[in-house]
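Worksheet for the structure shown next.
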Amino acid sequence: MADTVAALSSGLVPSGVAVIRVSGPQVRFALERIAGGVSDARLATLRPFRDPDTGRVLDKGLVLFFPKPNSFTGEDVAEFHCHGGRAVVGALLQALWSLDGIRPAEAGDFTRQAFASGKLDLTQVEAIGDLIHASTALQLDQALDQLGGGAGRKLMGWKDAIADARAMIEADLDFSDEDDVPGSVIDSLPEQLKAILVEMDNELSSFIAERLRDGFRVVLAGAPNSGKSTLLNALLEREAALVSPIAGTTRDQIDVSIDLEGLPVILTDTAGLRAHEETDDHIESMGIERAQHAVERADCVVWLLGGDSNSVLNKGGSDSKTIRVRSKLDLLPEMNIEKGDADVVVSGKTGEGLSVLKSAIADALRTEYGLTEMTKAGVGRLALDARRRVALQSARGHLEAGLARLEHGAWSLDHSAEELRLAQRALGSITGDVDAEQLLDRVFSRFCIGK
């Protein structure tokens, strides 16, 4: 028998109203003991909530009952809508947990029940996690598309096509002498499998869905004392980094999330860059190496010109992902300001030029990933994270190997069928069709209690 779990599913208390969710086979029992009986399905009913041992009234509120299988979890579900005071919520939870067969829910327990009941596949489960953490409209669009089963349908289409190919191969192996077997699969399958490979390559070559979920990496770089930390604080409109006229104050990178014109962005402040011969500080050298690595991985580099280094680093980069910025505008005499080679001129202290810089960063990211103002980017894609990408690469590898075996001739059909089976299994690890308890534990650890 499945566990019955109970937890606060609404926001932190105190609040105006709190929602406590209970799911599992003991829900009807809980309703009888605490709310005086099972209410009509999906009908909000006003009831007193009582301590099951003493009969003392704990609160008065609404109760809803969702009988299985037509509930979010696929189990019987009840919701107690009570007042959001700490004492009320605490007393009601303790009353529920005191009943036989009911325990406190752990992170993701309700969604895990929905997965176990077949209400959601693993891509939809992960979409709920993305929905909880979404902070921009584009992240919301992508999470809702995944929750609606967009990724699952695409994966299921590939799995079904591969299953059909396997069935045809097995038929060719076992029943090639029968009249109702439609010819040799060696001639009919390669084009179908190649089409799937093209679709997989299209997914693997795109990183837009990952960037929308995890954030675009924008790195502030330049020589020591070029104003990177001041600019970071100005873009965030708060003090996130220490600022000092002493060169080399920033030794390690600082990552901060920001919504930049609707795009989720991770701003990174880095140690000042200069040639290794310009410093004998081992710690600073380590910071420089990390800064260089961050620049290499960045989706956009904001390169601040000027600073205390006389090296070539002061000239900045010139590729399409680099925006050259002349900072410290407030320190220069107004009549002598020269933009020079800079794309943008800003002052981190006065805020002048910041709106231009923000737009320049957003435009650079949109250009890099083919976005427009109206694009619902990532919708219809698999939203690959590291786990999904590895699984899809594995599936692609087995599919390609199966295709190669198929093209070698009838003598290798059994090997081709095995490769296709392994490709199916790899795809199944994305949707959760294979037994992987450790994988599920990792997925659900991202959830909050009550979800």
Note to self: Restricting to the range 3-14, and then to whatever is of a type outside the set (Asp, Glu) and either touching a Phe, Trp or Tyr at 6+ places or on another chain (Cβ under 6 Å) or surrounded by 15 or more Cβ atoms within 10 Å (Cβ to Cβ) (or both), can you tell me which residue is farthest from Ile102 (Cα to Cα)?
What the structure shows: Val13
Checklist line | Check on Gly351, of a type in the set (Gly, Ala, Ser), closer than 25 Å to Lys119 by Cβ and modelled with pLDDT under 90 | finding: no
Notebook entry, point to check: So Arg421 clears everything in (1) charged (D, E, K, R); (2) part of a loop (DSSP other than H, G, I, E, B); (3) modelled with pLDDT of 90 or more except one condition, right? Which one?
Noted result: (2)
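So that you can scan it fast, the table gives a plain yes or no per residue for (1) touching a residue at least 40 places away in the same chain (Cβ under 8 Å); (2) part of a loop (DSSP other than H, G, I, E, B):
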residue	(1), (2)
Ser39	no, yes
Leu62	no, no
Asn70	no, yes
Ala78	yes, no
Arg103	yes, no
Glu106	yes, yes
Ala114	yes, no
Next item on the list: Filter the range 143-178 for residues that are at pLDDT 85 or above and not hydrophobic (A, V, I, L, M, F, W, C) and give the result.
Entry: Asp145, Gln146, Gly148, Gly149, Gly152, Arg153, Lys154, Gly157, Lys159, Asp160, Asp164, Arg166
Next item on the list: Among the residues of the range 186-238, write down those that are within 29 Å of the chain's Cα centre (by Cα), among the hydroxyl-bearing types (Ser, Thr, Tyr) and assigned to a helix (DSSP H, G or I).
Entry: Ser205, Ser229
Note to self: Kindly evaluate Lys358 against the criterion of being touching a Gly at 6+ places or on another chain (Cβ under 9 Å), modelled with pLDDT of 60 or more and within 20 Å of Ala234 (Cα to Cα).
What the structure shows: no
Next item on the list: Take Leu93 and decide whether it is assigned to a strand (DSSP E or B), of a type outside the set (Val, Ile, Thr) and under 30 Å from Gln124 (Cα atoms).
Entry: no
Checklist line | Candidates Thr111, Thr136, filtered to the one that is outside the structural domain of Gly24 (by TED's automatic domain parsing) and among the hydroxyl-bearing types (Ser, Thr, Tyr) | finding: Thr136
Item checked: Tally of residues being of a type in the set (S, T, N, Q) and over 15 Å from the mean Cα position of the chain (by Cα) across the range 92-146 -> 5
Note to self: Give me the residue from the range 55-90 that is in contact with a Lys or Arg (Cβ under 6 Å, 6 or more places away or on another chain) and within 25 Å of Pro14 (Cα to Cα) and, out of that set, surrounded by the most Cβ atoms within 10 Å (Cβ to Cβ).
What the structure shows: Val63
Next item on the list: Identify the residue in the range 189-231 that is within 15 Å of Glu400 (Cβ to Cβ) and charged (D, E, K, R) and, among all such residues, is surrounded by the fewest Cβ atoms within 10 Å (Cβ to Cβ).
Entry: Glu191
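The values are calculated or read from the model by the stated rules, or taken from the named source; none is laboratory data. Owing to the predicted nature of the structure, the values given are computational and were not obtained by experimental measurement. Neighbour counts are summed over all protein chains in view; Cβ atoms, including those assigned to glycine, are modelled from backbone coordinates with ideal geometry.
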